[in-house]
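A quick write-up on the structure given underneath.
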Amino acid sequence: MPTGGDPVRASVGHLLSRAFALPCSTAAQAFTQLVQPTARFQLALDALMPLLDPNTPAELAQRILVSFILYSLYAPHPIAINPFKSVLFVTFVKEREKAVSATREGDVSPNEQLVWVLWKILKGDGNDIGPYSPSTLARSPLPPKLRATNLILDDEMYNTVFDLDDATYSYLYSQKQDNYRRRSAASDLNMGVDYGTIGFPSDGRRSGMRSPVSGEADRQNERIAQAMKLLLVARERVLSLSEQRHLIPLIPELASSQMIVSLDLAPIVLNNPTIAHPLFIGLLMNAQPEHNLPSPFLDVLPYLPPTLSTFDLLGRLLRDQTPVGSGHFTVSEIVRAEVLGRFIHEAINWLDHAERDEREGLTSDDRFAKGVQHLCRFYGSLIKLGIVDPAQDAECAEMAHFSLHNSRFEEATALYRILATGKF
């Protein structure tokens, strides 16, 4: 994998060439530790996807590892909305055809194990592969019932107008799709067989039949799937205006789908605060009735870094009068009571660490100065709006100490004057 002098790419290249003996889940975790969240999608496009191309020289174990990493980057979500789903499916189609051709000639294709791994991932059982190393998966012989000729997927699940494959993969897919229209009981030949003794996990689940749906329901499902993909992409980059227009009207349905996990929220806030606001509203409104508060989502807010996007989101939430739960409280009241005080405390801790790093020469940017200025302006605006009362709110004392400590900044001096005198 070309690194171009990039140390992160060099580390990923080293991982992909040396991690074959590690469990797939461990290697995937190492990838996420090496690469920042905002860079993972692009690096996967540039460095991982090309290794799935059969024309690229790559060992079987390496291609198995790459397949699992592409799956694991979005493992908390259904495979149907994984942005790399189409790439994995087209690879499965091509590799299966190669293996089936070898079988017709009486040979055993060396890529049979890759076909099995892709089949497991695409039918939603990718986690079963996690405990096994790529080298073990590449070497272990497959039983006859798990050979490529018996591994069939529902192609309609993997070919929608919203896939990220565009013309190239759509063309490749169209060349293969007529070959996979046949459906028979052979698709479940592995039913009830224990393969634990040969190095593979048991696979005793039968795929359910697809329920008939109306054309409109099917189109709505496609819109939801596309919206979820956009929400995942929103973790990696700023969405375009057209992407936002497609996503925002569907956020209430996404929020009620239970597909969103708290780990998704911080990078979305960083890149797309305007999307984060309705998303948090939707999550608050869809809180389980037996819980007073949806703490897994609210608990993300206090630990967001003191950046403009964070202050933008919190400002919107603290002014939002949407009733939630039983209607006794508004979004503003809940965020004010449950989030603001903890956020101020954590923001001050974050800035104290940034100041120390700057003093020790560990950083060369202005994150500390900008953070102080933004936090002081933010808190001053909350006082002016009447959201915070300097005479009563506990965090005001902490902010007074913070602004006095940083009085060399004009914004901190102005805030301290307001807190000390109560006058603007």
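The values are calculated or read from the model by the stated rules, or taken from the named source; none is laboratory data. Not measured: the values here are computed from a predicted model. As a convention, Cβ positions derive from the backbone with ideal geometry for all residues, glycine included, and neighbour counts pool all protein chains shown. The area values use the complete protein model at the heavy-atom level, side chains included, leaving out ligands, DNA and RNA. Shrake-Rupley method; radii C 1.70, N 1.55, O 1.52, S 1.80 Å.
Shown are ARG96, ARG417, whose ranking by accessible area with a 1.4 Å probe and every protein chain present, most to least, is ARG417, ARG96.
Extension gain, LEU241-GLU410: 0.36 nm per intervening residue step, less the Cα-Cα distance, totals 57.3 nm.
Shown here for region 355-424: GluC sites (Glu not before Pro) in loop regions (DSSP other than H, G, I, E, B) with at most 11 other Cβ atoms within 10 Å, namely GLU360.
If you take the alpha carbon radius of gyration of region 224-374 and divide it by 2.2 N^0.38 Å, what ratio comes out, to two decimals?
Taking the Cα Rg and dividing by 2.2 N^0.38 Å, one obtains 1.10.
For PRO54, neighbours were defined as the other residues whose beta-carbon sits under 13 Å from its Cβ, and their charges (Lys and Arg +1, Asp and Glu -1) total 0. Each listed q (0.30 Å⁻¹) maps to a log10 I(q)/I(0) for region 366-424 from the Debye sum over equal C-alpha point scatterers, namely -1.36.
I need the shape label for region 81-139. Rule: rounded when a/c is under 1.5, else prolate if a/b > b/c, else oblate, with a, b, c from the alpha carbon gyration tensor. Judged from the Cα gyration tensor, region 81-139 comes out oblate (a/c at least 1.5, b/c at or above a/b). Of the whole protein surface, ASP366 contributes about 80 Å² of accessible area at a 1.4 Å probe radius. In the context of the full protein assembly, THR322 retains an accessible surface of approximately 40 Å², using a probe radius of 1.4 Å and ignoring ligands and nucleic acids.
Test of understanding: extend the Cα→C-beta vector of ARG359 to 7 Å, then name every residue of region 391-419 with backbone N under 14 Å from that spot. Answer for this model: 405-407.
Ordered by solvent-accessible area of protein heavy atoms (1.4 Å probe), largest first, the residues LYS370, LYS120 come out as LYS370, LYS120.
Counting 0.36 nm for each residue step from GLN33 to VAL100 and taking away their Cα separation leaves a gain of 20.3 nm. A 1.4 Å probe over all protein chains sorts SER242, SER262, SER364, SER332 by accessible area into SER364, SER242, SER262, SER332, starting with the largest. Rg and Dmax, both from the Cα atoms of region 293-415 and both in Å, are 15.0, 51.
With 31 Å as the limit, the listed pairs LYS120/LYS229; LYS229/LYS370; LYS94/LYS229 have LYS229/LYS370 beyond it between alpha carbons.
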